[in-house]
1. Cβ-Cβ under 6 Å, sequence separation 6+ or interchain: first residue in the stretch 75-87 and under 14 Å from T168 (Cα atoms), partner part of a loop (DSSP other than H, G, I, E, B) and among the aromatic types (F, W, Y). Which pairs?
2. Quick one: R95 ticks every box in (1) of a type in the set (K, R); (2) touching a helix residue (DSSP H, G or I) at 6+ places or on another chain (Cβ under 6 Å); (3) open to solvent by less than 60 Å² (accessible area, probe 1.4 Å) bar one, so which box is it?
3. Do any residues in the stretch 12-28 that are charged (D, E, K, R) have Cβ atoms under 7 Å from those of residues that are surrounded by fewer than 15 Cβ atoms within 10 Å (Cβ to Cβ), where the two are at least six apart or on different chains, and which pairs are they?
4. Output the residues belonging to the stretch 141-172 that are under 28 Å from N121 (Cα atoms), out of contact with any Phe, Trp or Tyr (no Cβ under 7 Å at 6 or more places or on another chain) and open to solvent by 70 Å² or more (accessible area, probe 1.4 Å).
5. Counting only residues that are under 16 Å from the mean Cα position of the chain (by Cα) and either under 25 Å from S154 (Cβ atoms) or modelled with pLDDT under 95 (or both), give me the strands (runs of 3 or more DSSP E) lying completely in the stretch 1-93 with at least 2 of them.
Amino acid sequence: MTVKIKKCQHEDLQILQEISIETFNDTFKDQNSPENMKAYLERAFHPKQLEKEWSSPSSEFFFIRFEEELAGYLKVNMNDAQTEKMGAESLEIERIYIRRKFQKKGLGKDLINKAVEIARNQNKKTVWLGVWEKNENAITFYEKMGFVRTGAHSFYMGDEEQIDFILTKTLE
């Protein structure tokens, strides 16, 4: 079993958009209206939006490959790129997106470990993320990885307000 994690390059933005739409749609389309899904996907994964995110010096994207196939990606934010004001000692995991056929192969754990490695290299004290309150599988996974619930914030899916739990892992 070969797993490789590699930083995304500018020329990867189109495939980044494709995998973002595919994985988000696979995960959330059954729990949200088609109109709200369409509005969110068009805004969040528009090429100009992804270009802006990729260009931020405080954000990084990493592809993960499983047996040479592109399986998903990780997006981390630091400093002012964090979606909540968590301070300079924190790193945010904004996205861990794994394509459906590669789930349950330990790749999420590999990406969490990559984020923790980045945080340690940047002398961060905590790693945090937001996860939809109804995504019980993800919450259970993150808790197994040492994250604890420390708060909540609003997340908008189109015009619908949803709640994301904020989960935090303290680094030693």
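1. none
2. (2)
3. Partner pairs satisfying both residue conditions: D26/R100.
4. Selection gives E143, K144, V148, T150, T170, E172.
5. Filter on the stretch 1-93 gives 59-66, 69-78.
The values are calculated or read from the model by the stated rules, or taken from the named source; none is laboratory data. None of the values given here were measured: they were computed from a predicted structure. Using ideal geometry, Cβ is built from the backbone for each residue, glycine included, and neighbour counts are taken over all protein chains shown. Each accessible area value is taken on the protein alone, full model and side chains, heavy atoms only, with ligands, DNA and RNA left out. Shrake-Rupley method; radii C 1.70, N 1.55, O 1.52, S 1.80 Å.
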